[in-house]
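Here the structure is laid out as structure tokens; the discussion comes afterwards.
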Amino acid sequence: MHQRTIFFISDGTGVTAETFGRAIMKQFDITTRAVRLPFVDTVDKAHQAVHQINHTADKEGKKPIVFTTLVEPETVKVVHEHCKGLVMDMFATFVQPLEDELGAKSHHRIGRFTDISESKEYFDRMEAINFSLAHDDGQTNHDLAGADVILVGVSRSGKTPTSLYLAMQFGLKVANYPLIPEDFDRQQLPPALLPYKKKIFGLTIAPERLSQIRNERRPDSRYASLQNCRMEVAEAESMMRRAGIQWLSTTHKSIEEIAAVVLQDLKQDE
């Protein structure tokens with residue numbers, strides 16, 4: 001049973017409000033129910049959102065927590081004046097003090113998606129996502145020279161989610177390759193990767209955690225057995241040491257933390 005309902009209100013997709021709000025709420029040891037209310041870009045929609053929040057407040061007997069990135073003054077006014085939740089206005093918290101400090105008015109643009117979708121940054125990001133999808137799990141060796149980074153590691157060590165996160169958030173072209181028994185038999189990285197060793201970053205994971213993850217996918221299989229996981233992880237780590245590539249354990253790290261380490265390694269190589 002959740003202890004508090006969290007609303008994320010935005011005149012756009014709500015991704016910014018939700019990302020920020022979830023990061024804040026992780027500081028508290030409570031269970032939450034999340035509700036995203038995107039595209040609240042008219043006064044009427046603002047009243048509808050407030051009605052939903054207030055209904056939740058009355059039903060649960062507790063103030064919902066409301067993270068908002070609304071910028072239109074009229075919609076902001078509706079939420080602040082009529083909402084029964086605890087309103088955390090990100091623009092009032094950050095933009096207004098910056099306006100005072102910089103002596104300049106912000107654009108107060110709603111969404112910004114038209115601007116973004118026409119920018120070079122947007123198209124570069126889409127190209128990076130397409131590249132990373134095409135090069136997921138060693139599907140192709142084509143154009144590895146165009147990769148910004150190549151992730152290697154045993155199956156289910158976090159390569160795919162990290163690849164997509166780096167592509168979506170930072171516009172990096174990422175290829176990822178699973179290390180398989182044939183590689184262990186040769187005791188070297190996949191041959192197609194050898195010319196690009198400087199681009200390679202390794203991921204490993206505790207065998208116990210790997211076995212747990214694999215058992216969710218293939219229960220009671222040799223693939224998921226702890227003995228096999230211990231062998232694969234040991235072989236993979238030994239291979240990465242011999243190759244002299246940087247690597248880290250994903251066992252207790254979030255995708256964001258893994259990506260931060262990869263980015264730091266890339267900057268050191270620049």
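The values are calculated or read from the model by the stated rules, or taken from the named source; none is laboratory data. A quick note: this is a predicted structure, and the numbers were derived from the prediction, not measured. Positions of Cβ are generated from backbone atoms using ideal geometry, with glycine treated the same way; all protein chains shown enter the neighbour counts. Areas reflect the complete protein model, heavy atoms only, side chains present, ligands, DNA and RNA absent. Shrake-Rupley method; radii C 1.70, N 1.55, O 1.52, S 1.80 Å.
Of the candidates 27, 96, the single residue that is under 27 Å from residue 255 (Cβ atoms) and modelled with pLDDT under 95 is 27. Has the stretch 139-155 got at least one residue that is closer than 22 Å to residue 218 by Cβ, open to solvent by less than 20 Å² (accessible area, probe 1.4 Å) and not in a strand (DSSP E or B)? Yes: the stretch 139-155 contains one or more residues that are closer than 22 Å to residue 218 by Cβ, open to solvent by less than 20 Å² (accessible area, probe 1.4 Å) and not in a strand (DSSP E or B). Selection of the stretch 12-56 for residues being open to solvent by 60 Å² or more (accessible area, probe 1.4 Å) and free of Cβ contacts under 8 Å to residues at least 12 places away in the same chain yields 15, 19, 26, 27, 28, 29, 44, 48, 51, 55.
Just checking, does the stretch 222-241 include any residue being open to solvent by less than 70 Å² (accessible area, probe 1.4 Å), of a type in the set (Ser, Thr, Tyr) and not in a loop (DSSP other than H, G, I, E, B)? Checked the stretch 222-241: at least one residue is open to solvent by less than 70 Å² (accessible area, probe 1.4 Å), of a type in the set (Ser, Thr, Tyr) and not in a loop (DSSP other than H, G, I, E, B). Remark: pairs (first residue in the stretch 113-136, modelled with pLDDT of 75 or more; second residue β-branched (Val, Ile, Thr); Cβ separation under 7 Å; 6+ apart in sequence or on different chains) = 122/116; 132/174; 134/140; 136/160.
Residue-wise test of (1) under 17 Å from residue 83 (Cα atoms); (2) part of a loop (DSSP other than H, G, I, E, B).
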| position | (1), (2) |
| --- | --- |
| 13 | no, yes |
| 22 | no, no |
| 33 | no, no |
| 36 | yes, no |
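Taken over the stretch 172-200, the criterion of being buried (at least 19 other Cβ atoms within 10 Å of the Cβ) and assigned to a loop (DSSP other than H, G, I, E, B) is satisfied by 172, 173, 179, 189.
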